[in-house]
Amino acid sequence: MTMAAGTAKDLTVIVPCYRESSHIEKSAPHLLWTLRGFDLDYEVLFIDDVSPDDTRERLARVLEPYPEARLILNEVNLGRGATVEKGIRLSNAKVVGFLDVDLSTQPIYVGHLARYILDDVADVATCQRIYKIDVRVLHLIFHRILMSYGYRHFSSRYLQHHLLDTETGSKFFDRAKILPVLDRIESKHWFWDTEVMVYSQLMGLRIVEVPSIYIRRPEKPTTVRVLSDSWTHLKSAIRLKRKMRKMAELKKR
């Protein structure tokens, strides 16, 4: 699906979707109603990455009353990172970014993040997750909390960046400035987040991280595979480190 040409909007919000059937009928309207409270010209792209459940059918029904929302259907499964990147390239807005559809990071932060970029205070504005512990899901997310803080420490030390939270599911960019960053990214899945943030720092983009409350929803099934995803992240980090060294060597010449 292609986007119609026209006047550039202030903001495009990309919502990557995969197996969202359990909550989409609640989370999508909540997101769309929240965005209506911001004084911005915006659009929302819900991009389904070939969900095996009935996410597409539910989305089509839910989005019908919202002219600011578009449903885009991937023909093949691209991966979460590649799906976000697809949305960025389809947009012609000044500010582009994404929000995880389970709304574990609340959409109330979107207008705040977009304003940093529209007012030329930052080129990249993201949320820094602060976990709110819900005892109903503690047994489901305890390992995620440990992994999150462990990965933050490993990532900052090994990849030598000063970022507080590269993996947050709420990131917004100056579209013109993020496109050259996207051209360097190799990952199509979860490590995309690390690459986009590390390369943004290396390429001199101004980055703001806003503290935000992270709430894990009990009805949202996780798509994270702890062992295999951790191994993939480690291999991807080693590959990225090698590329960073090559970039540093080229700068010295």
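The values are calculated or read from the model by the stated rules, or taken from the named source; none is laboratory data. Worth saying up front: this structure is predicted, and the values here are computed from it rather than measured. Neighbour counts run over all protein chains shown; Cβ positions are idealised from the backbone, glycine included.
Kindly indicate whether Ser212 is more than 15 Å from Ile88 (Cβ to Cβ) and at pLDDT 90 or above. Here the answer is yes, as Ser212 does meet what is asked. Ala69 satisfies every condition listed in (1) under 26 Å from Thr232 (Cβ atoms); (2) modelled with pLDDT of 95 or more except (1). Selection of first residues in region 1-30 that are within 20 Å of Glu85 (Cα to Cα) and β-branched (Val, Ile, Thr) and of second residues that are at pLDDT 95 or above and part of a loop (DSSP other than H, G, I, E, B), restricted to Cβ pairs under 7 Å at least 6 apart or on distinct chains, gives the following pairs, ordered by first then second residue: Thr12/Ser91; Thr12/Ala93. For region 151-206, a residue qualifies if it is farther than 24 Å from Tyr18 by Cβ, aromatic (Phe, Trp, Tyr) and buried (at least 21 other Cβ atoms within 10 Å of the Cβ), and exactly one does: Tyr199. Summed over region 46-72, residues that are in a helix (DSSP H, G or I) and of a type in the set (Phe, Trp, Tyr) total 0.
Candidates in region 115-145 are the residues that are among the hydrophobic types (A, V, I, L, M, F, W, C), modelled with pLDDT of 95 or more and not in a strand (DSSP E or B); of these, the one that is farthest from the chain's Cα centre (by Cα) is Val121.
The number of residues in region 166-209 that are within 16 Å of Cys127 (Cα to Cα), modelled with pLDDT of 95 or more, charged (D, E, K, R) and outside any helix (DSSP H, G or I) comes to 4.
Here Glu43, Glu75, Glu85, Glu20 are screened, and the one residue that is crowded, with 17+ Cβ neighbours inside 10 Å and part of a loop (DSSP other than H, G, I, E, B) is Glu20.
Results for (1) farther than 22 Å from Val124 by Cβ; (2) under 14 Å from the mean Cα position of the chain (by Cα); (3) of a type in the set (Gly, Ala, Ser), shown as yes or no for each residue.
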residue	(1), (2), (3)
Thr34	no, no, no
Ser51	yes, no, yes
Asp54	yes, no, no
Gly87	no, yes, yes
Asn92	no, no, no
